[in-house]
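The values are calculated or read from the model by the stated rules, or taken from the named source; none is laboratory data. All values reported here derive from a predicted model rather than from experimental measurement. A quick note on method: Cβ atoms are made from the backbone with ideal geometry, for glycine too, and the neighbour counts reach across all protein chains shown.
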Amino acid sequence: MTTDPAHTSPLSLTVPEPEFRPGDKPDYSTTPIPRAGTVRRPEVDEDPEQFRELAYTIIRVLNRKGEAVGPWAGLVDDEMALTGLKDMMKVRAFDARMLMAQRQGKTSFYMQCLGEEAIACAFEKALRPGDMNFPTYRQQGLLISGGYPIVDMMNQIYSNERDPLNGRQLPIMYSSKEHGFFSISGNLGTQYPQAVGWAMASAISGDTKVAAGWIGDGSTAESDFHAALVFASTYKAPVVLNIVNNQWAISTFQGIAKGGSGTFAARGHGFGIPALRVDGNDYLAVYAVAKWAVERARRNLGPTVVEYVTYRVGGHSTSDDPAAYRPKEESDVWPLGDPIERLKNYLVGRGLWSEDRHTQYKAEVEAEILAAQKEAEEHGTLHAGGKPSVRDMFEGVYKEMPPHLRRQRQRAGV
Amino acid sequence: MARMTMIESIRSAMHVAMDRDEKVVVFGEDVGYFGGVFRCTQGLQQTFGKNRCFDAPINESGIVGAAIGMAAYGLRPCVEIQFADYVYPAYDQIVSEAARLRYRSNGDFTAPITIRMPTGGGIFGGQTHSQSPEALFTHVSGLKVVVPSNPRDAKGLLIAAIEDDDPVIFLEPKRLYNGPFDGHHDKPVTPWSKHELGEVDEGHFTVPLGKAVTRREGSQVTILAYGTMVHVAEAAVAETGIDGEIVDLRTLLPLDLDAIVASVRKTGRCVVVHEATLTSGYGAELAALVQEHCFYSLEAPVQRVAGWDTPYPHAQEWDYFPGPRRVAEALTTVMEDV
Ligand SMILES: Cc1ncc(C[n+]2csc(CCOP(=O)(O)OP(=O)(O)O)c2C)c(N)n1
Ligand SMILES: [Mg+2]
């Protein structure tokens, strides 16, 4: 150690702050958003060194006029686009109903994905049966677009007598192996390395299946995120590592997790993993990128990090009021628009959909959700009607109940 | 004196500690601008600036690791883990580092940090918002472990924890934040404003670590409890009419063994109550100590009331929670045995 008189001025701590807080007028007009269709599409087997810039831009397909443009366009046919719109509308109607049910005291907790519907709905279409998602609590779209019964989701949310998880889990922490949906934890980040492990197992076994890990912007700060990337990189695991950047982690803006790195996608580069950054509110772009990354995994070319740029329009959960930490108008001026509106405009432009059809379908899907809700409520809600058995509380801790639990169950008198 | 909820008294403790000592810094997930998901740090950033109260990235290991580094420098960090259920990524930093730093460096470096975390169930939080992991910390040499049961103690204990020169795990029973919950979930909870212990000194005071308090004097049986279970025990005593003496441990480590021994020698019977799972829980330590120190005074085997040895369920929350009925059963049993 030496004494260097040149460096004696006091240090100071940097704590990043979001651009806008309550009371500010949010304005993103100067935020650079690349025009749709302007980002190139590499071949999946191209040397990743050649497309590093894709981690810093935003891949977009739908332009302002609702047209699909550029090299990432053309992958979604009309039928699929229509299905995509309906899936997203169903997710939104489902969320609205369940949010209301929570407010009515029919369950304890709910989390919606308002504004983020395109991501899970389109990604699901890029997978094959047998592939496995390791989702977070905001990917209900995977289940809904994958055809999982809405009633069973509600039964889980209500913790009622038909709850597939017997009332053990917090609402929305679904699980369905059959639908490629790994049991949701609740501890952030833990499932990211698990996705990599699942993918490694597929490779070890000489299988053809791939896995998808899911994480939020805030949770990329967890050590498990980095553990997943190093394993994926070392073993070239057939996995797509999805980062849903909805700008917020409860009250904490994305800059706290991102720090000085350019983008979340760019974190992949530090591990030698190629990374793409995509408009998460553009169904067509999400599908195109998902398909590209899934194909890369399937062809044994290794992992891909994908960052979806989106915005969490609602509160973090039913326990949260975002007005306390961000301007109310922020979601309105958010520059990437609404995923449902954007796909709708595209379909209207192609003559496949209309305002009337949209209104009509919205009513139809709401009726479908309502009917499912009625059916679910016949089997109970959290505090009324049919419940999972108390006896079941002791089951499933182990494959076979050890004597001490048997004794406790006896003591409980159930 | 002012009326405070436990949230307000915890906030007041940090405010007082930060005001008195500029080395005290507060950080954790969502604790800065927003003031924490339970609002315990509300206003601290506005008052003391972003240098001393700020948001952390979601990385519990990083939060505790950074706190240890700051403490080694000479600061006194008081960090928040959003829920005790999320402390596990930090477990290595706590167990292998904070707890042993003084010992392994022979006092060259120390870790005077306080790690606050909401604990316990009763809010339909399912398995990831309900756990009581105190035994995972009392089992580790070098840590102090505190669990307050009311606003007044919470403030005094938290200031004592921040001022303490060793790492302190400070577990806040979240079901007590707004009122003295006694396990009767179907009845409205009285707010702290109506409770004597909701009256809290606004200034600086401490409740020493390692000192239990007798919440209720009694002659027939000693009930050892902490946190939420103190209030559940009060309900059970009232409902059974058994003259129980309720000892609120407040600090699990260091433990006030003298208070325990004096009470059990007087009553001759003992029931140990906690919300955490039974097997290898802190109650096992208590029962063993009572057996070692009070064997010849005991008229009946020590009873334990605890959470069942399962993950904390969602739907069956009140069948899981060791409420007044289960405590009453244990009281009845311990009184029957001669
Ligand atoms: C290990 C862990 N730490 C903290 C939490 C509490 N928590 C739940 S969600 C959340 C924010 C997550 O934000 P992000 O990853 O951006 O996902 P988003 O909610 O925006 O989808 C936090 C801090 C948790 N569930 N697990
Ligand atoms: Mg987020």
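Residues being assigned to a helix (DSSP H, G or I), free of Cβ contacts under 8 Å to residues at least 40 places away in the same chain, more than 9 Å from every other protein chain (Cβ to nearest Cβ) and over 20 Å from B:Thr119 (Cβ atoms): count how many of those fall in the range B:46-78.
Of the residues in the range B:46-78, 8 are assigned to a helix (DSSP H, G or I), free of Cβ contacts under 8 Å to residues at least 40 places away in the same chain, more than 9 Å from every other protein chain (Cβ to nearest Cβ) and over 20 Å from B:Thr119 (Cβ atoms).
Regarding A:Val313, is this residue of a type in the set (Val, Ile, Thr), more than 30 Å from A:Pro48 (Cβ to Cβ) and part of a loop (DSSP other than H, G, I, E, B)?
yes
Can you tell me which residue in the range A:287-313 is surrounded by the fewest Cβ atoms within 10 Å (Cβ to Cβ), limited to those that are more than 16 Å from ligand 1 (Cβ to nearest atom) and either within 14 Å of chain B (Cβ to nearest Cβ) or closer than 21 Å to A:Asp87 by Cα (or both)?
So the first thing to find is which residues in the range A:287-313 are more than 16 Å from ligand 1 (Cβ to nearest atom), and the list is A:287-304.
From what is left, the residues that are either within 14 Å of chain B (Cβ to nearest Cβ) or closer than 21 Å to A:Asp87 by Cα (or both) are A:287-291, A:294.
Working: A:Tyr287: 25, A:Ala288: 26, A:Val289: 31, A:Ala290: 26, A:Lys291: 19, A:Val294: 24.
That would be A:Lys291.
Of all residues in the range A:1-57, how many are loosely packed, with under 13 Cβ neighbours inside 10 Å, without any contact (Cβ under 8 Å) to a residue 40 or more places away in the chain and within 30 Å of B:Phe27 (Cα to Cα)?
8
Taking the condition of being loosely packed, with under 15 Cβ neighbours inside 10 Å and at negative phi, how many residues in the range A:402-414 meet it?
Taking the range A:402-414 first, the residues loosely packed, with under 15 Cβ neighbours inside 10 Å are A:402-404, A:406-407, A:410-411, A:413-414.
Narrowing further to those that are at negative phi: A:402-404, A:406-407, A:410-411, A:414.
Residues that pass the stated criteria total 8.
Quick check on the range B:311-338: of everything there that is in a loop (DSSP other than H, G, I, E, B) and of a type in the set (Phe, Trp, Tyr), which residue is surrounded by the most Cβ atoms within 10 Å (Cβ to Cβ)?
Across the range B:311-338, the extreme among qualifying residues is B:Tyr312.
Have a look at B:Asp55, B:Asp92 and point out the one that is crowded, with 23+ Cβ neighbours inside 10 Å and within 16 Å of ligand 1 (Cβ to nearest atom).
Working: B:Asp92 fails: crowded, with 23+ Cβ neighbours inside 10 Å.
Every option except B:Asp55 fails the conditions.
Which is free of Cβ contacts under 8 Å to residues at least 24 places away in the same chain and of a type in the set (S, T, N, Q), of A:Ser251, A:Ser185? Reasoning before the result, please.
Details: A:Ser251 fails: free of Cβ contacts under 8 Å to residues at least 24 places away in the same chain.
So the residue among A:Ser251, A:Ser185 that is free of Cβ contacts under 8 Å to residues at least 24 places away in the same chain and of a type in the set (S, T, N, Q) is A:Ser185.
Taking the residues in the range A:242-254 that are assigned to a strand (DSSP E or B) and facing another protein chain (nearest Cβ under 10 Å) as candidates, determine which candidate is farthest from ligand 1 (Cβ to nearest atom).
Step by step, filter the range A:242-254, then rank; the result is A:Phe253.
Suppose the filter is over 30 Å from A:Ser183 (Cβ atoms) and assigned to a loop (DSSP other than H, G, I, E, B); does B:Asp153 pass it?
no
State which residue pairs qualify: first residue surrounded by 17 or more Cβ atoms within 10 Å (Cβ to Cβ) and part of a loop (DSSP other than H, G, I, E, B) and inside the range B:271-300, second residue of a type in the set (S, T, N, Q) and at pLDDT 95 or above in any location, beta carbons under 8 Å apart, and separation of 6 or more residues or different chains.
Taking only residues 6 or more apart or on different chains, the pairs are B:Leu278/A:Gln408; B:Leu298/B:Gln291.
Do we have B:Phe38 as assigned to a loop (DSSP other than H, G, I, E, B), touching a strand residue (DSSP E or B) at 6+ places or on another chain (Cβ under 7 Å) and within 13 Å of another protein chain (Cβ to nearest Cβ) here?
So B:Phe38 fits the description; yes.
Could you say which residue among B:Val207, B:Val213, B:Val200, B:Val189 is surrounded by fewer than 24 Cβ atoms within 10 Å (Cβ to Cβ) and closer than 23 Å to B:Val26 by Cα?
From the options B:Val207, B:Val213, B:Val200, B:Val189, the qualifying one is B:Val207.
Just one of the numbered conditions (1) touching a Lys or Arg at 6+ places or on another chain (Cβ under 9 Å); (2) more than 12 Å from B:Val305 (Cβ to Cβ); (3) within 14 Å of chain A (Cβ to nearest Cβ) is not true of B:Ala259; which one?
(3)
Looking only at the range A:323-369, count how many residues are over 21 Å from A:Met98 (Cβ atoms), of a type in the set (Val, Ile, Thr) and touching a residue at least 12 places away in the same chain (Cβ under 8 Å).
Qualifying residue count for the region: 2.
Say we look at the range A:205-231 and pick out the residues that are away from every other protein chain (no Cβ under 14 Å) and closer than 22 Å to A:Ile119 by Cα; which of these is surrounded by the fewest Cβ atoms within 10 Å (Cβ to Cβ)?
Looking at residues that are away from every other protein chain (no Cβ under 14 Å) and closer than 22 Å to A:Ile119 by Cα, I get A:Lys209.
Name, by its number, the condition in (1) within 16 Å of ligand 1 (Cβ to nearest atom); (2) in a loop (DSSP other than H, G, I, E, B); (3) within 14 Å of another protein chain (Cβ to nearest Cβ); (4) touching a Gly at 6+ places or on another chain (Cβ under 9 Å) that does not hold for A:Ala257.
Exception for A:Ala257: condition (2).
Select, from B:Gly36, B:Gly32, B:Gly74, B:Gly28, the only residue that is touching a Cys at 6+ places or on another chain (Cβ under 7 Å) and of a type outside the set (Lys, Arg).
The unique qualifying residue is B:Gly32.
Got a sec? Which of A:Ala257, A:Ala227, A:Ala211 is touching a residue at least 40 places away in the same chain (Cβ under 8 Å), touching a Pro at 6+ places or on another chain (Cβ under 8 Å), closer than 18 Å to A:Ser185 by Cβ and not acidic (Asp, Glu)?
Only one candidate qualifies: A:Ala211.
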